[in-house]
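The numbers here are math on the coordinates, done by the rules we state, and not lab data. Quick caveat: nothing in here was measured; it's all calculated off a predicted structure. We place every Cβ from the backbone using ideal geometry, glycine too, and count neighbours over all the protein chains shown.
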Amino acid sequence: MKPVLLLAAMMLIVCFRGVGQQFLTENGRVEFLSQAPLNEFTGKSANLNGLIDLEKNVLDFYVDLNTLETGIGLRDRHMRENYLETKKYPYAEFTGKINAPPSLSTGQTASVIAKGKFKIHGIEKEIEVPGKLTQLKDGEMQLDASFTVLLGDYKIDIPKVVFYELAEEQVVTIQAILKAKK
Amino acid sequence: MISHAQLERKPAVEEREVDLIFHAPRHINLLTVEPLDKKTLHFAIMHTFGTIDGGIQNLYGLDNGATIQFSFEYALNSNFSLGAARQSRDKMYTLYGRYHLLKQTEDNSMPVSVSLMGAAGINTSDYGFLQEANPSAADRSSFVGQLMIARKFTDKISLQASPMLAYFVNPNPVFLIEGRENLYLAVGFSGKYKLSGKSSLTLQWIPNLNNDLKNNVGVGIDLEAGGHVFQLYFVTSQALNEQYLLAGGNGVPGEGFRLGFNVNRVFATGR
């Protein structure tokens, strides 16, 4: 390799390292809350995978819906097989941008709004999610966000006979600690 | 546009166990390989009515009163559960255990689910009207063992074969069974064909292997409704526990059919 090219390559690498302000997680927490007249329950997963790139302004999150647990195994199976149909649609995904990417120093928190595409049960919708980003320390960030999902919007049917057990409106809460990509 | 920046979607678990080979641990009258999760309690209330051939005059058998079985099964862990059932016919109390040896996986690295079941029961009817002495506790006892082998072939079709044996210490003619032998061998077949997300057509056939009793035939529908599984069916026997299913005798499919229904519910405990 010619020295000029080598230099160019090195500059590129340095450049990308500088730009690559990527924060990642593989064990973020997702929780949904269903509040129906006769039954309130939550489903939880600690398998949220996420990427926040503040320089390129990219947010990308997904969770394997098979990892959601409500505390009752049979209910989980019914949820996977009949409502979320995880064999066909295994993931819930969000890909989008932050309205104004903050630049934070340690200990600071910023309220942000993420805009993008949320996909579940094979259906994609534009949504806006308000959240909070906190710089915990150098190279470590915490994301807290919450939004509601109307099951009907994603063609997840609730049979009439169970409306009292499963709420149409599900409150989804996300908490993840993301670490800078090395 | 931004796809190159996206994370690669990866499943959290590679060898996932297959979900819901059957809708519930019960399927018409037979037990299934469907496991319970640790510390959950499964409750089933099961009924069969009189034969439907009395027509509307007897409301298709509902006037004749029901045989009822209450069944409770508690999972000590995700592979082993203990149950107790009480059948109104001959006031039978049965204690049983169910152990899941193998579980079918999505990637077919394990093609079938296999479970074992063993039970001991006692008839607590009062036979004070008899000339001879009331049968002893030993004479009232009966036992069951079965191996359940099941596979979910497609999203719609699941089948289970259950080689079974039942043993009556003393098959007293006063008991409400038709057989007079001590030992009964049979194979239970259970089938499920999914009609929609929450309902399935169900089948049951229990050919006897060592006696001339008519075989048990059942056909029905399973309906899932918010944590409950309702099972409605036509079946040829009033029997609800395994011993009586094998020794109890059956009507002729068609004219000897009875209506039956089960309600299944699972409760989480210890949370």
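Some observations on this one:
- Compared with the alpha-carbon gap, the fully stretched path from B:LEU7 to B:VAL219 is longer by 71.5 nm at 0.36 nm per residue.
- 5 Å binning of all Cα-Cα separations within the range A:25-180, expressed as whole percents from 0 upward: 2, 9, 17, 23, 18, 13, 9, 6, 3, 1, 0
- The packing ranking, built from the mean of other Cβ atoms within 10 Å per residue, places the peptides A:31-37, B:125-131 in the order A:31-37, B:125-131, highest first.
- Its residues counted as N, chain B yields a C-alpha radius of gyration over 2.2 N^0.38 Å of 1.10.
- The GNM of chain A, with springs linking C-alpha atoms under 10 angstrom apart, assigns the highest mean-square fluctuation among A:GLU168, A:GLU128, A:GLU40 to A:GLU40.
- Cα lying deepest toward the dipole's positive end in the protein assembly as shown, options B:TYR127, B:ALA138, A:PRO37, charges on Cβ: A:PRO37
- Inter-probe distance in nm under a simple model that places probes 7 Å from Cα toward Cβ, at B:LEU209 and B:ILE68: 3.5 nm
- Between the range B:184-257 and the range A:58-104, the C-alpha centres lie 39 angstrom from each other.
- For residues of A:80-91, the mean tally of beta carbons on other chains within 10 Å: 3
- Averaged over peptide A:60-66, the number of partner chain Cβ atoms lying within 10 Å of each residue's Cβ comes to 4.
- Taking other C-beta atoms within 10 angstrom as a stand-in for reagent exposure, A:LEU166, B:LEU59 fall in the order B:LEU59, A:LEU166, fewest first.
- Among B:VAL18, B:VAL219, B:VAL174, sorting on how many other beta-carbon atoms sit within 10 Å of each Cβ, with the fewest leading, yields B:VAL174, B:VAL219, B:VAL18.
- Here's how it looks for A:PHE41: its modeled amide H is under 5 Å from those of A:SER34, A:ALA36, which are all 5 or more places away or on a different chain.
- Selection from B:ASN216, B:GLY251, B:LEU20, by position along the positive dipole direction of chain B (Cβ): B:LEU20
- When only the Cβ of Lys, Arg, Asp and Glu is charged (+1, +1, -1, -1), the dipole of the range B:154-244 relative to its Cα centre reaches about 220 debye.
- Segment B:SER125-B:ASN170, extension gain: residue separation times 0.36 nm, minus the distance between their alpha carbons: 14.7 nm
- In a simple Cβ point-charge model (Lys, Arg +1; Asp, Glu -1; nothing else charged), the protein assembly as shown has a dipole of about 1020 debye relative to its Cα centre.
- Dipole in debye (nearest 20) - the range A:25-180, about Cα centre, beta carbon charges: Lys, Arg +1; Asp, Glu -1: 140 debye
- Just checking the listed ones, A:ALA100, A:ALA92, A:ALA46: in the Gaussian network model of chain A with Cα springs under 10 Å, the one fluctuating most is A:ALA100.
- Cross-link pairs A:LYS181/B:LYS39; A:LYS125/A:LYS179; A:LYS132/B:LYS38; A:LYS125/A:LYS182; A:LYS88/A:LYS182; A:LYS125/B:LYS39 - those with Cα-Cα distance over 31 Å: A:LYS181/B:LYS39; A:LYS132/B:LYS38; A:LYS125/A:LYS182; A:LYS88/A:LYS182; A:LYS125/B:LYS39
- Gyration tensor verdict on the range B:217-271 (Cα atoms; rounded if a/c is under 1.5, prolate if a/b is larger than b/c, oblate otherwise): oblate
- Among the residues of B:6-14, the average count of other protein chain beta-carbon atoms within 10 Å of the residue beta-carbon is 6.
- Selection among B:SER200, A:LEU133, B:ALA75 by position relative to the dipole of the protein assembly as shown gives A:LEU133 as farthest towards the positive end (Cβ unit charges, Cα centre).
- Ordered by the number of other Cβ atoms lying within 10 Å of each residue's own Cβ, fewest first, A:SER45, B:SER142, B:SER199 fall into the sequence B:SER199, A:SER45, B:SER142.
- Cubic angstrom per residue, convex hull over Cα atoms of the protein assembly as shown: 178 Å³
- Degrees separating the helix A:3-19 axis from the principal Cα axis of chain A, which is the longest one: 40 degrees
- When chain B is treated as a GNM with alpha-carbon contacts under 10 Å, the residue of B:ARG89, B:ARG258, B:ARG16 showing the greatest mean-square fluctuation is B:ARG16.
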